[in-house]
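Single-structure report; data block below.
The values are calculated or read from the model by the stated rules, or taken from the named source; none is laboratory data. It should be emphasised that the depicted structure is a prediction, and the values quoted were computed from it without experimental measurement. Cβ placement follows ideal geometry from the backbone for every residue including glycine, while neighbour counts extend to all protein chains displayed.
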């Protein structure tokens, strides 16, 4: 099975790398370019018009090897379906931006409503077909809380948090794709040492390979952006993996970078609304470092390092919890 996972990951990577140039050409010719928000960093205005919707390439590269090599067990199909549904929501958002030629797409309320529906579907499969208990597990302290009817609420919070966390991180070339690849690599290891999630290992490997292959074109200076199609889809996949491996709480550590990015926005909004003061020069926090005159590559590499440390700590804690 590990051999199949390696083959699946390499296949996803190669699909991204070989189809990438043609995909970028098609998107550019159709003028599906990124619209930059006016209040963003001044240096980002030069990125306006860069081809977007790269998430389509990512999930095509994931889908082909997974459908060929996967065994279609309930857990892996639930993660795959959650990722595709989330990517679909992101695609509608991207398409709205392109069609209306603006930086705002689907409203926040509509996104949350659709994510609630996706979360309900994930909850149903997790409980009825995978057989997961409706509990919140604290692996650090080796105890769990029975949530009962609160379990679907937890799944919604994890899904919305992870999706929007990846989406907020997707502000610099290669930042979100690299951080997502790191978290997904940790989940690949988690599914391996768990032993009962062999098909999930293949899916995780596909996701890692697709992210790395996409980085070939998304690294600074990016020739294509993943858009909300990619960021919401990858966030959905990470959230569903957390549910299926019962690592919802541990995801706070595993996806530390995404948590930091989301918290920076929350802190900025609360501080400004209550005290009319800004904690950061700009949120999310990677923009703060941009305005401190850090180069884009320095920010990306340092965030990758922090992300790798968080993922390593999370993986180690998971390993200790099952030993």
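Observations
This table checks each residue for (1) at pLDDT 95 or above; (2) under 15 Å from residue 202 (Cβ atoms); (3) in a helix (DSSP H, G or I).
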position	(1), (2), (3)
53	no, no, no
58	yes, no, yes
63	yes, yes, yes
71	no, yes, no
82	yes, no, yes
87	yes, no, yes
90	yes, no, yes
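For every residue, the table says whether it meets (1) within 28 Å of residue 55 (Cα to Cα); (2) free of Cβ contacts under 8 Å to residues at least 40 places away in the same chain; (3) in contact with a helix residue (DSSP H, G or I) (Cβ under 7 Å, 6 or more places away or on another chain).
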{"position": "141", "(1), (2), (3)": "no, yes, no"}
{"position": "157", "(1), (2), (3)": "yes, yes, no"}
{"position": "164", "(1), (2), (3)": "yes, no, yes"}
{"position": "174", "(1), (2), (3)": "yes, no, yes"}
{"position": "185", "(1), (2), (3)": "yes, no, yes"}
{"position": "190", "(1), (2), (3)": "yes, no, yes"}
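- Residue count for segment 1-50 under the criterion of being part of a loop (DSSP other than H, G, I, E, B) and either surrounded by fewer than 11 Cβ atoms within 10 Å (Cβ to Cβ) or at pLDDT below 75 (or both): the result is 12.
- Count - residues of segment 172-192 that are surrounded by fewer than 22 Cβ atoms within 10 Å (Cβ to Cβ) and within 14 Å of the chain's Cα centre (by Cα): 1
- The set of residues in segment 303-323 being free of Cβ contacts under 8 Å to residues at least 24 places away in the same chain and under 17 Å from residue 143 (Cβ atoms) consists of 320, 323.
- Residues that are within 27 Å of residue 10 (Cβ to Cβ) and out of contact with any helix residue (DSSP H, G or I) (no Cβ under 7 Å at 6 or more places or on another chain) number at least 1 in none of the helices (runs of 4 or more DSSP H) confined to segment 202-320.
- Residue check, residue 159 surrounded by 15 or more Cβ atoms within 10 Å (Cβ to Cβ) and outside any helix (DSSP H, G or I): no
- Subset of segment 125-139 that is out of contact with any strand residue (DSSP E or B) (no Cβ under 8 Å at 6 or more places or on another chain) and surrounded by 13 or more Cβ atoms within 10 Å (Cβ to Cβ) - its residue that is modelled with the lowest pLDDT: 139
- Residue in segment 176-191 that is out of contact with any strand residue (DSSP E or B) (no Cβ under 9 Å at 6 or more places or on another chain) and part of a loop (DSSP other than H, G, I, E, B) present: no
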